[in-house]
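These notes are about the structure you will find just below.
The values are calculated or read from the model by the stated rules, or taken from the named source; none is laboratory data. Being a predicted model, the structure only gives us computed values, none of them experimental. Please note: Cβ atoms are built from the backbone with ideal geometry, for glycine as well, and neighbour counts cover all protein chains shown.
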Amino acid sequence: MPEQYFIIDFDSTFIQTEGLEELAEVVLKDNPKKEEILEEIKKITNLGMEGKIGFRESLKKRLALLKANRTHLEKVKKVLKKKISPSILRNKKFLKKNKNRIYIVTGGFAEWVLPIAEKFGIQKNHILANTFIFNKKGEVSGFDPKNALSEDNGKVKAVKKLKLKGEILVIGDGITDYQIKQMGAASRFIAFTENVKREQVLKRADQIVSSFDEFLYLHKLQGSLSYPKSKIKALLLENIEDSAKQALEKEGYQVELLKTALDEEELAEKIKDISVLGIRSKTEITGKVLANAHMLKVVGAFCIGTNQMDLPALTEKGIAAFNAPFQNTRSVVELAIGEMIILIRGVFDKSNKAHQGMWEKSAKNSNEVRGKTLGIIGYGNIGSQLSILAESLGINVIYYDALERLPLGNAKKVKNLTELLKISDIISVHVSGEKSNTNLIGEKEFSLMRDGVIFINLSRGFIVDNTALVKFIKSGKVRGTGLDVFPSEPKSKDEPFKSQLQNLPNVILTPHIAGSTEEAQREIARYVSGKITDFINSGNTYLCVNLPQLQLPQQNDSHRLLHLHKNVPGVLAQINKIFADYKININGQYLKTSDNIGYVITDVNKKYNQDVITQLKKIPETIRFRVLY
């Protein structure tokens, strides 16, 4: 097999930007015509990169718009060091290891190309770039016209002069890179699109890659990643906070963000090539959806609940699921506190009447919350924090939970739900979304409540029998109610909302926004996207809701083999026998099991017979197998 050589462009390939454009930013910092000149420089750059003007003409025109000096160049160097393309950074080891076969060939300038490329182990005589000419004052007066790289087709001449014998692959983003192959100086041209896409370039490419990871993967070269992140497609539904999209894009994933939920048919069609799925409460992950989820590795629920996901089916396919159990707790609690005060004071109705021109100034049916008894149904993360805040307002707190929960502050647990209903002035529901909680609060429960009770439900719509609630509101037994959730909710703001609770007195209806504050949504986006990338990158399942939970140490100079299997006796023995048969040295091994699933992670030395992977996949109980490096 002939030796392979790699010719890599610098501007918008090795780095994320164009060096001359960054120089312009520095030089024109205080120039009132900065934006106008910058726009002209970018226009000239694109004309050159698309082959619409010659390279030398492009270079002359851009430099003519700048009056740069050595101080400016030093500043640019510092800026560009922070703008290395992420996939290039990830593969620094590959560049250093293959330094004898890698050349940087660029129309950019050695004054900043050289110090940056050398940091990646690339040899000085393998870095071919233009050079500036300076006057006695240290100002840039032009470029060296004798340097072949300043000429039209300069890259072609520079590469031919190298007289490389073997397969020459050119990786770049512009026409000047394509011309190296076009004019016979290279075997193939690979268009690099991580930073910029030029249609004139893409249609001439032998291959298009969106990252250096993808280039290495497609050419079976040893990169930093076992699978190019640019190949991973993520779908985020229900208008998930934009920072989640940004976090996944920063990882290199292809991300699509939709503002609405998708129904079963739509999602089953959409999910076929999706590896990462992000949802909130309205999207249902069903067996029919999962039947088409051939690429799906992880689902992130950007909310508290998980009842919208078929967790056993996800587990059976080895798909990890994460949620955000704590991140919007404070937001929900604050709304509950606010509604208690508004409802017990009758503020909502008085406000509506004031808007209609009626001045209803009266203390009748207007009370303080201080000294009242709050009954919290469900004393989990939200219920317990509500307990603390309510107590600080002088409210007496009691709670009921089917599970044994440690009371916080002066809160007292009651023996049963009936006791709570009979003695509470205010009742707030915060139970889980399990189907067994359907109609937990119905006609019988409302009849047990005190006359004039304040009732709040911010948990799940199906937990309350709204027909019964309407009856008791009209009778006056329920003096005020706040509902944020409903048995049937619109998929988007474009659908009408209908409820039998509309237009009733002292009733606050909100569109499922208890946890929807900017603070909560940002924190949820940060947390869930972090769990997703941690699972994809390292196999971590800590706080996963359906797979055995493993918090793994950092992967150090090894391959990580992830084996998810049915939890039956003897699987670990089979795995380790395969390692022993192939004389593989184990650097670390981690095992966790649940009732039905076993999860074994093994870190091994990088040098091993690849047949071992085939053997591990053949273990009959295998559900899913991955290799990470």
### Query
Failed condition for K607, given (1) outside any strand (DSSP E or B); (2) under 22 Å from G223 (Cβ atoms); (3) in contact with a strand residue (DSSP E or B) (Cβ under 9 Å, 6 or more places away or on another chain), with all others met?
(3)
### Query
Among the listed residues V478, V528, which satisfies the condition of being touching a strand residue (DSSP E or B) at 6+ places or on another chain (Cβ under 6 Å) and either within 24 Å of L237 (Cα to Cα) or not hydrophobic (A, V, I, L, M, F, W, C) (or both)?
V528
### Query
If you take the residues of the range 299-347 that are touching a strand residue (DSSP E or B) at 6+ places or on another chain (Cβ under 8 Å) and charged (D, E, K, R), which of them is farthest from T286 (Cα to Cα)?
E339
### Task
Among the candidates L23, L95, L38, L47, single out the residue that is part of a helix (DSSP H, G or I), more than 24 Å from G142 (Cα to Cα), within 36 Å of the chain's Cα centre (by Cα) and without any contact (Cβ under 8 Å) to a residue 60 or more places away in the chain.
L95
### Message
Out of G166, G174, G138, G154, I need the residue that is in contact with an Asp or Glu (Cβ under 6 Å, 6 or more places away or on another chain) and either within 22 Å of N98 (Cβ to Cβ) or in the same structural domain as G19 (by TED's automatic domain parsing) (or both). Which one?
### Response
G166
### Query
Taking the range 525-561 only, how many residues are in a loop (DSSP other than H, G, I, E, B), within 22 Å of T614 (Cα to Cα) and of a type in the set (S, T, Y)?
1
### Query
Residue check: is I575 part of a helix (DSSP H, G or I), within 18 Å of H559 (Cα to Cα), of a type outside the set (G, A, S) and modelled with pLDDT of 95 or more?
yes
### Message
Within the range 227-279, considering only strands (runs of 3 or more DSSP E) that don't extend past its boundaries, which have at least 2 residues that are within 24 Å of E523 (Cβ to Cβ), out of contact with any Lys or Arg (no Cβ under 6 Å at 6 or more places or on another chain) and at pLDDT 95 or above?
### Response
233-236, 276-279
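Looking at the range 76-87, can you tell me whether even one residue there is touching a residue at least 60 places away in the same chain (Cβ under 8 Å), part of a helix (DSSP H, G or I) and out of contact with any Ser or Thr (no Cβ under 8 Å at 6 or more places or on another chain)?
Looking through the range 76-87, none of the residues is touching a residue at least 60 places away in the same chain (Cβ under 8 Å), part of a helix (DSSP H, G or I) and out of contact with any Ser or Thr (no Cβ under 8 Å at 6 or more places or on another chain).
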### Query
Considering I473, I456, which residue is of a type in the set (V, I, T) and not in a strand (DSSP E or B)?
I473
## Note on the structure
The condition of being farther than 22 Å from L202 by Cα, out of contact with any Leu (no Cβ under 9 Å at 6 or more places or on another chain) and surrounded by fewer than 22 Cβ atoms within 10 Å (Cβ to Cβ) holds, among K82, K42, K52, only for K82
